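The values are calculated or read from the model by the stated rules, or taken from the named source; none is laboratory data. None of the values given here were measured: they were computed from a predicted structure. Methodologically, a virtual Cβ is constructed for each residue, glycine included, from the backbone with ideal geometry; neighbour enumeration extends over all protein chains shown. These accessible areas exclude ligands, DNA and RNA; they are computed on the full protein's heavy atoms, side chains included. Shrake-Rupley method; radii C 1.70, N 1.55, O 1.52, S 1.80 Å.
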Amino acid sequence: MNQGCLTTQVIVVGAGPAGLMLACELRLGGADVVVLERLTAPTTESRASTLHARTMEILDGRGLLDPLGTIPDEPRGHFGGLPLDLTLPSSHPGQWKVLQTRLEELLGARAAELGADVRRGHEVTGLRITDAGAEAEVRGPAGRTLLLRAPYLVGCDGEDSAVRRLGGFDFPGTDAARELLRADVAGVRIPDRRFERLPAGLAIAARRPDGVTRVMVHEFGARPRPGRPEFADVVDAWKRVTGEDLGVGTPLWVNSFGDANRQATAYRRGPLLLAGDAAHRQMPIGGQALNLGLQDAVNLGWKLAARVTGRVPDGLLDTYHTERHPVGARVLGNIAAQAWLLLGGPEVDALREVLAELMPLENVRTRLAGMISGLDIAYDMGDGAGGLPTGQRLPPREAVLRGTPVRTAELLRTGQGLFIVPPGATELYTAAAPWAELVRTVDGGPGDTEALLVRPDGHVAWAGTGAAQGTAALRRWFGEPSAAGPDTAGSHTAGPVTAGPVTAGSVTAVEGPARAARTSAPVTPKNWRTDMAKLTGRTALVTGASRGMGRATALRLAAEGALVAVHYTSSEDAAADVVETIEKDGGRAFAVRAELGVPGDVHELFLGLEEGLRERTGSTDLDILVNNAGVMGGVKPEDTTPETFDRIFAVNAKAPFFLVQRALKNLRDGGRVINISSGLTRVANPDEIAYAMTKGAVEQLTLHFAKHLGPRRITVNSVAPGITRNGNPVFDIPEAVEQMAQLSAFGRIGEPEDIADVVAFLATDEARWITGAFVDATGGTLLG
Ligand code: NAP
């Protein structure tokens, strides 16, 4: 069944490290992005675990290292299995160990925080190039098909890339001729080996702190097998090469890889682009493939964002291919050489001996280390420079922001470019002012004689002293200046930076996203673009969303971009209809069943909720909880039994309390809790005493949880509807409706959408300053 068509600015196919990094960069650059991932949950396999110095610098330049905590580092690497000291001048010399799964988790969380729309369980099955860009046919959850259109689509979908295949990219090179078997094994005790060459083959073993040993083995001459190997194949090969028995261990993961070496001839075909393993296939040696992919994404992201937001001409995008294709070719070359040295039999021994003699020479060592660490990458920027310093990455240093030295890695975190100007060079400040929104201008150090223009990816685009040349470089890389001209409210946009103490506010500005840096109001990363839906990237649970105002709220939150869990207990078809309606409009939702007010209710609800969230976002994080489900009493005080009383309290008061309590594990800081109360806490109606008491309890819950959760910036509010149309037959009787309408100052009864709009507002960043509040949404009932 076709579920309609969705339009965005960039479609990224693949939520691996390259795809997620690209999504983050696009969001920083102000572009809307939808990421499609075939897998319903993140992979638990860690194919790679090494980050090299240049990638570490880039992650530092996006504030992504702090969440990783202390990262084990290792100065010693290898070239073709021969030890190589990788340390070179860098903020993060050597190689660093971060499991790919952890990196993906971090990038996924950052992408969501920045408002990227990541959709799991979505497989691209067809691709068309149209006049307006790219059109992807997608198979979504439960076999639904969806059309997605965007001016650009990027394949980050790995070595078997569907985008590469469907997009008609040429992918020449060689197939694998040699095979390495790899397994993670628990319960074995064998000696660690870095690269042990034995008469029958090569053996590698490394025991991790959790006791699991990763083994890799190649039997000289072994050719790639069709299909995945069994653990028995690894055990047999290991035995033949080392004489040791792995059979007593438990395999956690087994696979094989080869030395295939292929590269797309073009990284771009009109609106289609490739990044990461989709663009180049290589033997995964020393983590270079992962690092190459992340760096592709960082080179492409800001250019593509600038293009789709209309700031630069199409030609800027071509520099992605001209810059990254040669880098990829060079890495593929060094990997092919290493594969030969590593997997070759006795015939490569003589060559290895010669190399082993050469590698300790400082010139040779630094050349190879520069190649592997990525620190020596210098893009030919087409002006013949291609050398020092234009085209190279900006080495770690400090610049001066409002009189205080700040690391340039921190200044780059907004995703803007950087213009480092020698102190006192006012004409350069003036020249850069029209680009203030895209490029931060800061003072250099006392020894600086030249200005440096640094692109968002950290590469130096221009170095010089002339204002006219500086302006030309700014125009070339950042497009025509905005018509609005400089933002004179900015503290470092026009004119020299004034010295002064660094306040907490200025530190926020350093770390906030591009446009956020320009406003004095506290801004979270999610609300800095005003032209997008207000809840993009958020997740919401609406209880009792199959009907009435719960349904209207679910539709409204989804229209603002939130992924909505539609909770119900008995109306399965009605809940499915809510989900379908949301998806038809290009939104995202899923249904969750659980009866509230019975033992185990909250547990059951969260099982379904977490499963649904994990499948679609890769995490169980929740941003918005709307406690809407409720039952009315409709019994006179004389007829209210203890059972009726308990039931109504269990559904209306007890369940919301324990839902909030349980949701605290999932709610992100800055989240929202919205409880639906009732106007009956202010207007007496003896037929609903017990019901009104439950709603009074809901308001108490609101007040006290608001205080409790303030430190986490989670707001808690209650909304009190008046008489609001729902499925009750009374709303089909015109006279009754007329009578009820007279109670409101507006002379009509409430519609579910009247309440949904209020709830949606409380869910946005705009309502960040409201908590513990009772919002009367009764349409002025009985005002007097
Ligand atoms: P409604 O149309 O009666 O729908 C109730 C929703 O709650 C349905 O989705 C229902 O699921 C769910 N629900 C009911 N009992 C449940 C239980 N035990 N476990 C799980 N889910 C349950 O609701 P409404 O009139 O829009 O009212 C929504 C909220 O506003 C309620 O809290 C109500 O007290 C409050 N309110 C309503 C009015 C009004 O005039 N309508 C006025 C003031 C306040 P199923 O469909 O699966 O049964």
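Report whether or not Gly310 is modelled with pLDDT under 95 and over 17 Å from Leu153 (Cα atoms). Criteria not met by Gly310. Annotation note: of Thr764, Thr778, the sole residue that is open to solvent by less than 30 Å² (accessible area, probe 1.4 Å), farther than 21 Å from Ala653 by Cα and among the β-branched types (Val, Ile, Thr) is Thr764.
Counting only helices (runs of 4 or more DSSP H) that sit completely within region 352-464, those holding 3 or more residues that are touching a helix residue (DSSP H, G or I) at 6+ places or on another chain (Cβ under 8 Å) and modelled with pLDDT under 95 correspond to 426-432. Taking the criterion of being closer than 17 Å to Phe657 by Cβ and near the ligand (Cβ under 8 Å from one of its atoms), the residues of region 572-601 that qualify are Ala594, Glu595, Leu596, Gly597, Val598, Asp601.
Restricting attention to region 531-557, and to residues there that are among the small types (Gly, Ala, Ser) and more than 25 Å from Ser678 (Cβ to Cβ), which single residue is nearest to the ligand (Cβ to nearest atom)? Talk me through it step by step, then tell me what you get.
From region 531-557, those among the small types (Gly, Ala, Ser) are 533, 537, 540, 544-546, 548, 550, 552, 554; that's our starting set.
Next, from what is left, pick out any that are more than 25 Å from Ser678 (Cβ to Cβ): 533, 537.
On the way: Ala533: 24, Gly537: 26 Å.
By that ranking, first place goes to Ala533.
For the structure I just gave you, tell me whether Pro83 is touching a strand residue (DSSP E or B) at 6+ places or on another chain (Cβ under 7 Å), at pLDDT below 90 and more than 19 Å from Arg614 (Cβ to Cβ). So Pro83 does not fit the description; no. In this structure, is Asp601 closer than 26 Å to Gly618 by Cα, modelled with pLDDT of 85 or more and not basic (Lys, Arg)? Answer is yes for this residue. Only one entry of Thr644, Thr617 meets the criterion of being polar (S, T, N, Q) and under 28 Å from Thr44 (Cβ atoms), and that entry is Thr617. Give region 61-79 a look and list any residue that's closer than 15 Å to Val98 by Cβ, part of a loop (DSSP other than H, G, I, E, B) and free of Cβ contacts under 8 Å to residues at least 60 places away in the same chain, or say none. Passing the criteria: Leu64, Leu65, Gly69, Thr70, Ile71, Pro72. Give the residues of region 602-659 that are crowded, with 20+ Cβ neighbours inside 10 Å, in a helix (DSSP H, G or I) and more than 15 Å from the ligand (Cβ to nearest atom), sorted by residue number. Gly612, Leu613, Arg616, Thr617, listed by residue number.
When Gly537 is tested against the conditions (1) over 21 Å from the mean Cα position of the chain (by Cα); (2) surrounded by 21 or more Cβ atoms within 10 Å (Cβ to Cβ); (3) at pLDDT below 90, the lone failure is (1). Gly370 - would you say it is under 33 Å from the mean Cα position of the chain (by Cα) and in contact (Cβ under 8 Å) with a residue 12 or more places away in the chain? Here the answer is yes, as Gly370 does meet what is asked. Restricting the search to strands (runs of 3 or more DSSP E) fully inside region 237-331 and requiring at least 3 residues that are out of contact with any His (no Cβ under 7 Å at 6 or more places or on another chain) and open to solvent by less than 10 Å² (accessible area, probe 1.4 Å) gives 272-274.
The residue pairs whose first member lies in region 688-708 and is farther than 16 Å from Asn627 by Cα and within 13 Å of the ligand (Cβ to nearest atom), whose second member is open to solvent by less than 30 Å² (accessible area, probe 1.4 Å) and assigned to a helix (DSSP H, G or I), and whose beta carbons are closer than 6 Å, counting only pairs six or more residues apart or on different chains, are Ala690/Ile648. Restricting attention to region 153-201, the residues that are open to solvent by 60 Å² or more (accessible area, probe 1.4 Å), more than 30 Å from Gly133 (Cα to Cα) and not charged (D, E, K, R) total 4. Residues in region 721-749 that are touching a Lys or Arg at 6+ places or on another chain (Cβ under 7 Å) and outside any helix (DSSP H, G or I): Asn726, Gly727, Ile749. Selection within region 750-784: residues that are within 12 Å of the ligand (Cβ to nearest atom), in a helix (DSSP H, G or I) and of a type in the set (D, E, K, R). The member of this set that is nearest to Thr539 (Cα to Cα) is Glu753. When region 709-718 is limited to residues that are of a type outside the set (A, V, I, L, M) and in a helix (DSSP H, G or I), the one that is farthest from the ligand (Cβ to nearest atom) turns out to be Pro711.
Here region 11-24 is the region considered, the condition is being in a helix (DSSP H, G or I) and open to solvent by 10 Å² or more (accessible area, probe 1.4 Å), and the residue that is nearest to Ala162 (Cα to Cα) is Ala18. Considering only region 719-742, I want to know if a residue exists there that is in contact with a Ser or Thr (Cβ under 7 Å, 6 or more places away or on another chain), within 23 Å of Ala767 (Cβ to Cβ), open to solvent by less than 70 Å² (accessible area, probe 1.4 Å) and more than 12 Å from the ligand (Cβ to nearest atom). So far as region 719-742 goes, no, none of its residues is in contact with a Ser or Thr (Cβ under 7 Å, 6 or more places away or on another chain), within 23 Å of Ala767 (Cβ to Cβ), open to solvent by less than 70 Å² (accessible area, probe 1.4 Å) and more than 12 Å from the ligand (Cβ to nearest atom).
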